[in-house]
Amino acid sequence: MSSPSLAERMVRWMRLHQMAAPGDRIAVAVSGGSDSVALLLLLHSRAEAEGWQLAVAHYDHGWRADSGADAEWVGALASTLSLPFMLGRAESPSAIADREQAARRGRYRFLAGLVAAGKATRVATGHTADDQAETVLMRVLRGSGTRGLAGILPVRGLDRGLGVTSLVRPLLCAARGELRAWLEQQGEHWREDATNFDTGYLRTRMRHQIMPALLAEQPELVTRLGSLAEVARAEEEFWQAIVAPLLERMWNSSSGGQLEAERAELGRLPLALLRRLLRAAVERAQGELRGVDFAALERVVAGIRGSERHPRRMPLGRLECRLTAQKLEIGPAPGWAEKKPL
């Protein structure tokens, strides 16, 4: 039996994760690089049979003087395929210190806007198995928990208000090298972005220096890190079904705008569940987990489970925890705490 083609594998992966259905309007995010070009052409090869309507979306970050040429090239590719072309542009180039994060936020705002405006029901991006492996390894280096080890999710929301299935990654099942080989076999071209070789960024150092060295020792590393991400993702889905109702039942909003819970009830929980419930409360209070490290969370966990009963305060990201003999309160730091002296 012959091996399935790239397009067949992609469709199987999409069906496994329920990424698209007949009648869906899929905006394909195309930068001009090999991964996104391969994604567009593979989706286009199956669009009629699967009942998808495709469009091409390109976001110009304005980082380089020739970035406009990328937009023109992608627009021409869309025209060749007789597909609608939607272009977004950054208002101004981001500062170097925050350029990657600012660019990501701008790009996803643009893509989310396409769904919000009814121009697409799905947005597809060209993340590959290699991107997944790089992401998982970067998160290990940064001290991520199991949630971070889930890496790049196959399906997720673009925006809190747009639902959980608006962003899909059909090529997480494929390696970057095989995509380039496939493009070359098809006689297709792509554009190289010089910033992808700038080793001033951790992602590019990981891609061009760290991963090649590791792959020389462990050729199956990409596959194994991808498998780790799949296991971690399933674990997180399981835990979410447990933690979400507990968060609603055990945590209340106080009159001062803080979240509060009964210390004794928290202390009776198994350690793994307490850690996850605390992280969920922090995420609700500050909107994200960025800046909340394991050591800070563990100090709060130790305080909850410890025998000391005198009131104390502990920083946690942009928040502050106030622990008493009866309660744990979580709120913004330092404003609310300054108004409530112990």
Using only C-alpha positions, report the orientation-averaged shadow area of the convex hull of the stretch 1-59, nm², one decimal.
4.5
Please express the Cα-Cα pair-distance distribution P(r) of the stretch 251-338 as a list of whole percents, one per 5 Å bin, running from 0 to the bin with the greatest distance.
3, 15, 30, 28, 19, 5, 0
So for the stretch 6-230, averaging the separation of alpha carbon pairs under 8 Å that are six or more residues apart and normalising by length, what relative contact order in percent results?
24
Sequence-distant residues sharing a close amide H with Arg89 (under 5 Å, placed H):
Asp60
First obtain the Kirkwood hydrodynamic radius of the stretch 98-141 from its Cα pairs, then insert it into the Stokes-Einstein equation at 10 °C and 1.306 mPa s, and state the resulting D in µm² per second as a whole number.
129
Out of residues 5 or more away from Ala124 or on other chains, whose amide H comes under 5 Å of its own, with H placed 1.01 Å from N in the peptide plane?
Ala27, Val28, Ala29, Val168
Whole-angstrom Cα spans of the chain along principal axes, big to small
71, 47, 41
Explain nothing, just the number: relative contact order of the stretch 20-147, from Cα pairs under 8 Å at least 6 residues apart, as a whole percent.
32
Positive end of the dipole of the stretch 6-230, charges at C-beta (+1 Lys, Arg; -1 Asp, Glu), about the Cα centre: which of Val155, Val56, Ala124 has its Cα farthest in that direction?
Val155
Working from Cα positions, state the angle (0 to 90°, nearest 10) between the long axis of helix 34-50 and the longest principal axis of the chain.
80
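Taken together, the values in this text are just the output of simple stated rules run on the coordinates, not laboratory data. Remember, predicted model here, so these are calculated numbers, not experimental data. Cβ sites come from the backbone with ideal geometry, for glycine too, and all protein chains shown count toward neighbours.
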